[in-house]
């Protein structure tokens, strides 16, 4: 599963590189245009600070969700993961432009709008995702190789998810203090200090942190299931053997940890059969 995430990250980097190279080439065309907005010119009249913080926050949130989904989704959804990588790389390509240039580089005219390769990646990726959501509905929402419930060792799984969330919240607190101090210092140095800026920043940052913390907690429950699930299944298998049930089956699910338990189960079963 880790290899799948790594492959998608490598593809993400390649797509961003292609987008940036195409924009270098497109900047010399007569159709070259700087888009100071977000999508279709939205927020083009707002301050640069608001545009950058909004874009960076949205992308950071989306990228975290993207990594979680790429890791958790079934291996049968490779094409859907490709669509997600296209979408997120396109978003990052334009966010990178905004951070470096203050605007994204558009050079592909289409009616009243202008686009770039990153926009193409986004639309193609979104199209693939929507197509696969309907075509692979059973795999996404009702995977046959998943257990009936996520919480098999409720106390342990909640403890793991809580520890993971606490680590994220502590990191967010440290990062938030740094960002708050940095923004405050920049506002003072440029003599544009306004307490409303800091108030809005604090509220927005707290809101995003709580949302992300909730996602991390739920993800922690699912991730812990990949460890708790095999142990739970192995315990049930041993109980079936002790109870004398005929031909008890032990098979792990896709994405489970402790795959070596299948070999151990086969050895135990073989040993018991040899004694009979």
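Just so you know, all these numbers are worked out from the coordinates, no wet-lab data involved. All values reported here derive from a predicted model rather than from experimental measurement. Note that each Cβ is placed from the backbone with ideal geometry, even for glycine, and that neighbours are counted across all protein chains shown.
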Practice problem: Compute the length gained on full extension between residue 239 and residue 130: take 0.36 nm times their separation in residues and subtract their Cα-Cα distance, giving the result in nm to one decimal. | Solution: 34.9 nm
Quiz item: For 189, 269, 246, what ranking results if the residue with the fewest other Cβ atoms within 10 Å of its Cβ goes first?
Solution: 246, 189, 269
Quiz prompt | Estimated distance in nm for a label pair at residue 247 and residue 31, the labels positioned 7 Å out from Cα along Cα-to-Cβ | solution = 6.5
Exercise. Using R₀ = 25 Å, calculate the FRET efficiency as 1/(1 + (r/R₀)^6) where r is the Cβ-Cβ separation of residue 185 and residue 57; round to 0.05.
Key: 0.80
Quiz item: Between residue 7 and residue 271, what length comes free when the chain is fully extended (0.36 nm per residue of separation minus the Cα-Cα distance, one decimal in nm)?
Solution: 91.0 nm
Practice problem: Provide 23, 273, 163 in ascending order of the number of other Cβ atoms located within 10 Å of each residue's Cβ, fewest first. | Solution: 273, 163, 23
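For an R0 of 30 angstrom, estimate the FRET efficiency from the Cβ-Cβ distance between residue 263 and residue 72 and round to the nearest 0.05.
Details: r = 25 Å, r/R0 = 0.85.
E between residue 263 and residue 72, to the nearest 0.05, is 0.75.
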Quiz item: Can you give the FRET efficiency for residue 232 and residue 159, using 1/(1 + (r/R0)^6), R0 = 25 Å, r = Cβ-Cβ distance, to the nearest 0.05?
Solution: 0.95
